[in-house]
Structures are given as structure tokens and as C-alpha cells.
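Visitor: Just passing along the structure, written as C-alpha cells.
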Amino acid sequence: MTANENMERAARFRRACGRAPLPCVISLFFGMTILTGLPSLGTAADVKVVVVDVVAVADGYRASKLRGTAVVNSKNEKIGEIDDLVIGKDRVLFAIVQVGGFLGLGSRLIAVPYTSLQISDDGRHIVLPGATKQQLERLPEFKYR
């Protein structure tokens, strides 16, 4: 699209908006290009639909159900509890574990790779193999932003 065509298109758009703002709003929502000549929003090229096995997904672990679950080590000693799950910008999943303290007082948060956890089929038993309270308390503290 040439510069003149873009200018004519913009003028038509301004005239239409002056008379009836609703069509202008609708045209913006449905991806009408104004000055840029970019492809309109919502085209099939912009959306990649992937079919997933919803039964397999439903058999997974819900983050809301894992929160508050005790984390034990290989010796079945409680070493913390799941505070949250965080997805990094690189799409790597981390478990935020609350360690130390007593009844939530004096505790701190640490981040461990989700893949380090062994979770029972029902999600009620979470093991961080080989970990001790002392090792976890020496890890860098995690702080929410």
C-alpha cells in the first residue's frame, strides 16, 4: 500500500468516525488496518490451535491443590511445604517452597525446579530427594515481585 493510499484511507476513517463512532470502534476491534498496512488481527495465520488430550490434562496436578502440601525428603522428614508454582519467562516451572520457621514464623521461601520433585499419583505426597532442612535453608531466598 502506498503512502497516498494510506493517507486516503486515514481520511475516510476520520470522516466515518466523525459521523458514527461505533463503526470505528467495531473496525478497530475486528482488526481493520488503518495506516500501517499490517495484516488484520485475528486472522488464521495469527492463531495456532493445538489439540490436546484433555483426559491426560485432567489427570495432572492442579497448582491450587498442591499449595500447602508438605514436602519431605528421602527419609520422609518434613522439610517444607509448597507455597506456589511459578512459570519463568523461559517457560521453566519452579516450585516455591516455604522452609524453616515454626507455624509460618521465621520461615523463608526458596525456589526449586519442579522437575526435582517426586509427586505421588494423587498429589498428596511430595518428595525432594536427598534434600535436608539445612541445605534448603542455605539456598538463596526467593522473593515475589
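The values are calculated or read from the model by the stated rules, or taken from the named source; none is laboratory data. Computed from a predicted structure; not experimentally measured. FYI the Cβ positions are ideal-geometry reconstructions off the backbone, even for glycines, and counts take in every protein chain you see.
Visitor: Could you say which residue among Asp90, Asp121 is modelled with pLDDT under 95, in a loop (DSSP other than H, G, I, E, B) and under 28 Å from Gly60 (Cβ atoms)?
Guide: Asp121
Visitor: Next up: Can you report the number of residues in segment 69-81 which are within 16 Å of Gly101 (Cβ to Cβ) and touching a strand residue (DSSP E or B) at 6+ places or on another chain (Cβ under 6 Å)?
Guide: Summing the residues that are within 16 Å of Gly101 (Cβ to Cβ) and touching a strand residue (DSSP E or B) at 6+ places or on another chain (Cβ under 6 Å) in segment 69-81 gives 6.
Visitor: Moving to a separate point now. Considering only residues that are under 14 Å from Leu136 (Cα atoms) and crowded, with 16+ Cβ neighbours inside 10 Å, which ones fall in segment 72-103?
Guide: Val72, Asn73, Ile79, Gly80, Glu81, Ile82, Ala95, Ile96, Val97, Gln98, Val99, Gly100
Visitor: Let me ask something else. Please enumerate the residues belonging to segment 104-118 that are surrounded by 10 or more Cβ atoms within 10 Å (Cβ to Cβ) and assigned to a loop (DSSP other than H, G, I, E, B).
Guide: Matches in segment 104-118: Ser107, Leu117.
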